[in-house]
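> My structure is below; once you've seen it, I'll send some questions.
Rule-based calculations on the coordinates, nothing more; no lab input. Keep in mind that what you see is a predicted model, and the values were worked out from it rather than measured.
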Ligand SMILES: NC(=O)c1ccc[n+]([C@@H]2O[C@H](COP(=O)([O-])OP(=O)(O)OC[C@H]3O[C@@H](n4cnc5c(N)ncnc54)[C@H](OP(=O)(O)O)[C@@H]3O)[C@@H](O)[C@H]2O)c1
């Protein structure tokens, strides 16, 4: 049985990805920075017959990443799929929405979670994938980080996702020879706490492309996808 870990999975897109992966027969570790929140969500999924287990992982806290790796190693000896989904958009508040006024502390916090968080989890789990002869890393990015679609506003968020795309390319360059595929996905504009209720897509619709990459045979690597199609960086 294939094993997956999804970060930021107690709500929104991460939860929808977790459900879809479990419905496709994977054992899924539902990562949540607050373990109780993750456990509460997991209870319902387990009652639906899904093979999911809550695991604490705060992508800014090294100790939780280390403990999560130790637990998954002990219980599964492997990790086939890592979905770096945890993310925030902190620059939506008053005065934050222009590059000229966005608070540098907010920008650093955004990078710490959206970019460095994915770096840290990849650093923790990629060696296990290498040891096991392969795996898949999927970074949940955004068209807002695509240089060719770049517009004004949400500067911290946009920059963090551009940098996440760069992480995708670097991981791909270092890991693909070891059988590990690494891709970025823009899920589209999705109805979540982050996306808001005007978004056209449901979380289930947003989850489709990452789940497709996580489960398809012979996946591509080093690419950026939306709607199961490659898009430009
Ligand atoms: N929604 C969209 O339209 C859209 C579009 C493009 C890309 N995305 C990306 O999709 C991903 C998921 O977003 P979403 O829309 O589902 O947002 P969401 O509903 O706000 O969920 C964000 C998730 O990330 C978690 N998280 C935040 N900080 C964390 C940390 N330090 N460590 C671990 N988990 C943390 C949250 O946990 P708590 O519950 O504990 O806060 C929550 O589970 C993000 O990377 C986002 O940038 C979303």
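> Roughly what angle does helix 117-132 make with the longest principal axis of the chain, taking Cα atoms, 0 to 90 degrees, to the nearest 10?
Result, in degrees: 30.
> What whole-number distance in Å separates the alpha-carbon centres of the range 177-233 and the range 54-127?
17
> Note down the relative contact order for the chain as a percent, whole number, built from C-alpha pairs under 8 angstrom at least six residues apart.
For the chain, the relative contact order is 19 percent.
> Pop out the Kirkwood hydrodynamic radius of the range 119-225 from its pairwise C-alpha distances, inverse of mean 1/r, in Å to one decimal.
14.6
> Show that you can apply the helix-only estimate: for the chain, add -39,500 (n - 2.57) for every DSSP H stretch of four or more residues, divide by all residues, and state [θ] at 222 nm to the nearest 500.
Rounded to the nearest 500, the figure is -13500 deg cm²/dmol.
> Any idea what angle helix 35-47 forms with the longest principal axis of the chain, computed on alpha-carbon atoms, 0 to 90 degrees, nearest 10?
60
> Write down the radius of gyration of the chain and its Dmax, each obtained from C-alpha positions, in Å.
Rg then Dmax for the chain, in Å: 16.5, 50.
> I would also like to ask the following. Over all distinct Cα pairs, what is the inverse of the mean 1/r for the range 1-84, reported as the Kirkwood hydrodynamic radius in Å?
12.3
> Expressed as an acute angle from 0 to 90° and rounded to the nearest 10, what is the orientation of the C-alpha long axis of helix 12-23 relative to the principal long axis of the chain?
Helix 12-23 sits roughly 20 degrees off the main axis of the chain.
> Further question: What translational diffusion coefficient, to the nearest whole µm²/s, does the range 105-147 have by Stokes-Einstein, given a Kirkwood radius computed over alpha-carbon pairs, a temperature of 25 °C and 0.890 mPa s viscosity?
Estimated diffusion coefficient is 206 µm²/s.
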